[in-house]
Amino acid sequence: MKIKDQFTNPDGSIAYITYEDADSFEHLLSKKVTQVYGICFVGDKMLVVHNEKFWGPVGGGLEIGETFEECLKREIKEESNMKVLDFYPIGYQEVVCNGETIYQLRYAVLIESYGDFESDPDGDVTEIKLIDPKEYKQYFDWGEVSNQLVSRAIELLSKSTKSYSGKYLGKTVTIKIDRPIRSKHPKHNFIYEVNYGFVPDTKAPDGEELDAYLLGVNEPVEEYTGRCIAIIHRTNDDDDKLIIVPEDKEFSDEEIQKATNFQEQFFKSIILR
C-alpha cells in the first residue's frame, strides 16, 4: 500500500510524505535514513510513550554506525525498559522537504518488560502505557498512515511464533495431559509414545489450547510441571508444540525428533530453542 500526505513545519516549509508497505529495508541501506519507530506490543496490548508534549510510539534517530535493528532495540530499551523479542518491517516514509529527501522506518515489534520503567536516559520520555490498540487514536493519530501501521503490525505479529509459544522457552510450565503415553488417538488410531497435552487457559493460532509433548516421563500422568526446552514449529500448520521435560533432563534435537515422530512425521517442522 502507498499513501501520500503532506504537513506544514513550524517554519512554514511543506514536507511531502509518501508511505509504502515493505517486507524489508535492504533497499534503503544506501539512503538517508534518519528515524526508526516501533509499533510495539506486549501480548495484545500496545505500547505508547509520552514524549515531552505528546503520546506516540517508541522511536528516535539513528546514531552514527548503528544498524536499523540496533537503533530499534536501543530506543525501545531507553524509552520503555522493554526487551525486543521479535520484529518485522511494516513500511517506511519518504519525506521530501526543502529539496532534501529522508527516510523513516516503521517496525512491528513484540516486546516484554525488563522491569519497571523509571526514566529515559535522554529525558525525553516521562511516562509509558500499555493500551488497547483499538484506542490508539486517543493518544496519536497520523491519519490513514497510522491506521495502516497499527493494522499491519497486528497482522504481522499474529504470525510470530514468539508471540504465543516462544515466551515459554526456558520457563517452568504446568500442562494437562489429555493423551497419556500408550493411549490411542481417537481418530487416527496411532499410539502416543509420550505423554501429550496442553497448557491450560491458552489459545494458539489454530483456536485451540497450546499443545505440549512431555518427554522423560515414561508413565501416564494427568498433570505435570516441567521445563520448556524447545518448540516444534510446524511450517505447514498453525500449531506449535512445546517440549516439556523434568528439570534435571535435557534432550537433543535428534532425540526430540525421534520421540515425537509418531505424530510429527505427518507434518513439516523445525525445532526452535
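The values are calculated or read from the model by the stated rules, or taken from the named source; none is laboratory data. Not measured: the values here are computed from a predicted model. When we count neighbours, we look across all protein chains shown, and the Cβ atoms used for this are built from the backbone with ideal geometry, even at glycine.
Data overview
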{"read-out": "Test result for ILE177, part of a strand (DSSP E or B) and either over 30 Å from LYS4 (Cα atoms) or at pLDDT below 95 (or both)", "value": "yes"}
{"read-out": "Residue within region 126-141 that is among the acidic types (Asp, Glu) and more than 26 Å from TYR19 (Cα to Cα) present", "value": "yes"}
{"read-out": "Residues located in region 237-259, provided they are surrounded by 18 or more Cβ atoms within 10 Å (Cβ to Cβ) and touching a Ser or Thr at 6+ places or on another chain (Cβ under 9 Å)", "value": "ASP240, LYS241, LEU242, ILE243, ILE244"}
{"read-out": "Cross-chain or 6+ apart pairs with Cβ under 8 Å, region 136-160 first and part of a loop (DSSP other than H, G, I, E, B), then among the β-branched types (Val, Ile, Thr)", "value": "TYR139/VAL48; TYR139/ILE131; PHE140/VAL48"}
{"read-out": "Every pair of residues 6+ apart whose Cβ atoms lie under 7 Å, when the first sits in region 177-197 and is more than 17 Å from VAL245 (Cβ to Cβ) while the second is among the basic types (Lys, Arg) and at pLDDT 95 or above", "value": "ILE191/ARG182; ILE191/LYS184"}
{"read-out": "Residue in region 255-272 that is among the hydroxyl-bearing types (Ser, Thr, Tyr), closer than 16 Å to ARG182 by Cα and in a strand (DSSP E or B) present", "value": "no"}
{"read-out": "Matching residues, region 71-107, being part of a strand (DSSP E or B), modelled with pLDDT of 95 or more, surrounded by 18 or more Cβ atoms within 10 Å (Cβ to Cβ) and among the hydrophobic types (A, V, I, L, M, F, W, C)", "value": "ILE90, VAL95, LEU105"}
{"read-out": "Residue satisfying condition, being basic (Lys, Arg) and free of Cβ contacts under 8 Å to residues at least 40 places away in the same chain, within set LYS31, LYS53, LYS45", "value": "LYS53"}
{"read-out": "Matching residues in region 11-42 - criterion: being surrounded by fewer than 13 Cβ atoms within 10 Å (Cβ to Cβ) and within 20 Å of LYS73 (Cβ to Cβ)", "value": "ASP23, SER24, GLU26, LEU29"}
{"read-out": "Filter pass, LEU169 being in contact (Cβ under 8 Å) with a residue 40 or more places away in the chain and out of contact with any helix residue (DSSP H, G or I) (no Cβ under 7 Å at 6 or more places or on another chain)", "value": "yes"}
{"read-out": "Search result, residues across region 58-102 that are within 15 Å of the chain's Cα centre (by Cα), basic (Lys, Arg) and under 18 Å from GLY123 (Cα atoms)", "value": "LYS73"}
{"read-out": "Any chance LYS137 is at pLDDT 95 or above and either surrounded by 13 or more Cβ atoms within 10 Å (Cβ to Cβ) or not acidic (Asp, Glu) (or both)", "value": "yes"}
{"read-out": "Region 198-211 - residue that is of a type in the set (D, E, K, R) and surrounded by 14 or more Cβ atoms within 10 Å (Cβ to Cβ) and, of those, farthest from LEU242 (Cα to Cα)", "value": "GLU209"}
{"read-out": "Residue in region 156-171 that is modelled with the lowest pLDDT, counting only those that are under 17 Å from ILE244 (Cα atoms) and of a type in the set (Gly, Ala, Ser)", "value": "GLY166"}
{"read-out": "Top-ranked residue in region 212-236 [being closer than 18 Å to SER158 by Cβ and in contact with a Leu (Cβ under 9 Å, 6 or more places away or on another chain); ranked as surrounded by the most Cβ atoms within 10 Å (Cβ to Cβ)]", "value": "ILE231"}
{"read-out": "Some residue of region 152-172 being more than 24 Å from ASP23 (Cα to Cα), surrounded by fewer than 20 Cβ atoms within 10 Å (Cβ to Cβ), more than 17 Å from the chain's Cα centre (by Cα) and of a type in the set (A, V, I, L, M)", "value": "no"}
